[in-house]
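Trainee: What follows is a structure written as structure tokens; I'll ask about it next.
The values are calculated or read from the model by the stated rules, or taken from the named source; none is laboratory data. Everything numeric here is computed off the predicted structure, so don't read it as measured data. In this analysis, Cβ positions are derived from the backbone assuming ideal geometry, glycine residues included, and neighbour counts consider all displayed protein chains. In case anyone asks, the SASA skips ligands and DNA or RNA and just uses the protein heavy atoms, side chains included. Shrake-Rupley method; radii C 1.70, N 1.55, O 1.52, S 1.80 Å.
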Amino acid sequence: MSREALFGAARALAERIVGAPAVAVRADASLGTVIATLGGLLAGVPVVPVPPDSGPLERAHILSDSGAALLVAPGAWTDIGLPTTTVDPAARSAGTLPEPGPDATALILYTSGTTGPPKGVSISHAAIAAGLDGAIEAWDWTADDVLVHGLPLFHVHGLVLGVLGALRTGSRLVHTGRPTPAGYAAAGGSLYFGVPTVWSRIAQDPDSARALAGARLLVSGSAPLPVPVFERVAELTGHRPVERYGMTETLITLSTRADGERRPGSVGWPIAGVRTRLVGEDGSPCAHDGETVGELQVDSPTLFQGYLNRPEATAATLTTDGWFRTGDVAVIDPEGRHRIVGRASTDLIKTGGYRVGAGEVEGALLAHPAVHEAAVIGAPHTDLGQEIVAFVVLAPGAEVSERQLVDHVAAGLSVHKRPRRVLFVADLPRNAMGKVQKKLLTD
Ligand code: MLC
Ligand code: AMP
């Protein structure tokens, strides 16, 4: 679809939804999602992308918490108690709407915390512009590029960088539907985005990997890129991948550069406008010696506006001087290169690049009548980075299979939040305070 046609169709939707408090979009990997998102942005109506495979529990929470007045859902989800509409890719409007101010909320993205249901992260138009401009500069991204990816359109990576970034630069976008090695190989792009699981699968498919030799830049983000995967991708494609780091709450903050050194394990330097610092457990600044480990904090025009309806949760992420606490543990070397070494909390799991809170999965398991106690961990996994593993104590006399519990979580939440393994145990290891000792479960 040309840019002109896309904006015409998006404007036609924008005119129908202008004035709504928020619009939810069933964000499948389709042109309809792109038109609906752009329509919301042009109308100045916050867009709430909803994962297309989200089950009733997760969907009901997102729709009610976000205050969406309308759902754009082509041909599905008629039972959700909200008026629905569809997009018409053939519609055209040349009308103009007033441009939303920089502080208007552009997107509300739902993402997991360590406990409870996902929180809505409000992101302003200005933050998106700042994050994209920083990435565009670091990667020399121009209208001559053809961006290729197959990532989901309800998170920062696929939607903000992967769709809005293409619109901001004017580069073409090929979405491969799913991020498969064969799909990437066939797309003939210049710029490729993937999460580490995608690059790991490409590294194991030499023919597809070699087809990327003609690209300009390969970019990995959303989770740590294992060094052997970096090296294998470089060997097969001739390109050392750019690695970059970000969060839903901060958008993109750190990256190696198209015109700079790309070292395995390094997420590089702050993009333009972003400041970072490392803070020790006692609150004092850490040395930038490449060894001293501290919490990474960010001060940046890319920061979120807060968690929707959760002022206390928002306040808990900010220091008294207004810096955002990422919860990631990092080192900075004397040249300013950043390396992410882990997370402060074991209860945020990264699986296939998706962020999943252990508490949300535990809550879904506990809602099953056969489950008495549940503890969920992220266990190291070569393909997914971490895989979700549940330890379950059954209620007295109850019987349930591993498969039934996996399906129970996949049906209520989203498919990617399902445990890959369920281990039935007689009891859970707890400390003197009664807290489950997840380190022992991981071991
Ligand atoms: C299996 N399936 C089930 C099921 N068991 N479905 C229902 N119930 C069950 N119990 C089926 C599904 O229907 C689906 O089938 C398939 O299994 C999906 O399996 P999967 O193993 O989950 O998918 P997989 O192919 O392994 O996914 C890997 C992946 C994916 C890399 C493609 O994890 C992915 O897209 N990750 C990207 C995450 C991302 O974009 N993160 C960015 C966050 S933003 P079928 O038939 O449909 O295939 C961020 C900010 C930043 O982090 O800085 O970037
Ligand atoms: P999300 O909100 O889904 O974007 O998840 C953000 C989290 O993903 C961060 O807090 C990090 O833990 C992790 N993350 C993102 N990019 C990277 C990266 N390049 N290396 C290591 N971890 C990353």
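Trainee: If GLY273 satisfies every condition in (1) closer than 22 Å to THR317 by Cα; (2) within 21 Å of the chain's Cα centre (by Cα) but one, which is the exception?
Mentor: (2)
Trainee: Out of GLY246, GLY265, GLY260, GLY183, I need the residue that is of a type in the set (Gly, Ala, Ser) and part of a strand (DSSP E or B). Which one?
Mentor: Only one candidate qualifies: GLY246.
Trainee: Pull up region 88-123, narrow it to residues that are hydroxyl-bearing (Ser, Thr, Tyr) and within 20 Å of VAL163 (Cα to Cα), then point me to the one that is farthest from ligand 2 (Cβ to nearest atom).
Mentor: THR105
Trainee: Taking the condition of being at positive phi and within 9 Å of ligand 1 (Cβ to nearest atom), how many residues in region 224-252 meet it?
Mentor: Total meeting the criteria: 1.
Trainee: Just the residues that are open to solvent by less than 20 Å² (accessible area, probe 1.4 Å) and touching a residue at least 24 places away in the same chain (Cβ under 8 Å), please, taken from region 367-377.
Mentor: ALA370, VAL371, ALA375, VAL376, ILE377
Trainee: Among (1) in the same structural domain as GLY55 (by TED's automatic domain parsing); (2) of a type in the set (D, E, K, R); (3) open to solvent by less than 10 Å² (accessible area, probe 1.4 Å), there is one condition ASP145 misses while meeting the rest; what is its number?
Mentor: (1)
Trainee: List, please: which pairs have Cβ atoms under 6 Å, are six or more places apart or on different chains, and start with a residue in region 342-363 that is touching a residue at least 24 places away in the same chain (Cβ under 8 Å) and among the basic types (Lys, Arg) and end with one that is within 11 Å of ligand 2 (Cβ to nearest atom) and open to solvent by 30 Å² or more (accessible area, probe 1.4 Å)?
Mentor: LYS350/GLY385; LYS350/GLN386
Trainee: What pairs come up if the first residue lies in region 214-241 and is β-branched (Val, Ile, Thr), the second is more than 14 Å from ligand 1 (Cβ to nearest atom) and open to solvent by 20 Å² or more (accessible area, probe 1.4 Å), and their beta carbons are under 6 Å apart, counting only those six or more places apart or on different chains?
Mentor: VAL227/PRO264; VAL227/GLY265; THR237/ALA213
Trainee: Would you confirm, using the coordinates I've provided, whether THR314 is within 16 Å of ligand 1 (Cβ to nearest atom) and open to solvent by less than 50 Å² (accessible area, probe 1.4 Å)?
Mentor: Spelling it out, it is not the case that THR314 is within 16 Å of ligand 1 (Cβ to nearest atom) and open to solvent by less than 50 Å² (accessible area, probe 1.4 Å).
Trainee: Which numbered condition trips up ALA27, out of (1) in contact with a Phe, Trp or Tyr (Cβ under 6 Å, 6 or more places away or on another chain); (2) open to solvent by 20 Å² or more (accessible area, probe 1.4 Å)?
Mentor: (2)
Trainee: Right, next: Among what's in region 317-366 and is under 22 Å from LEU384 (Cα atoms) and among the acidic types (Asp, Glu), pick the residue that is surrounded by the fewest Cβ atoms within 10 Å (Cβ to Cβ).
Mentor: Among residues in region 317-366 that are under 22 Å from LEU384 (Cα atoms) and among the acidic types (Asp, Glu), the one surrounded by the fewest Cβ atoms within 10 Å (Cβ to Cβ) is ASP328.
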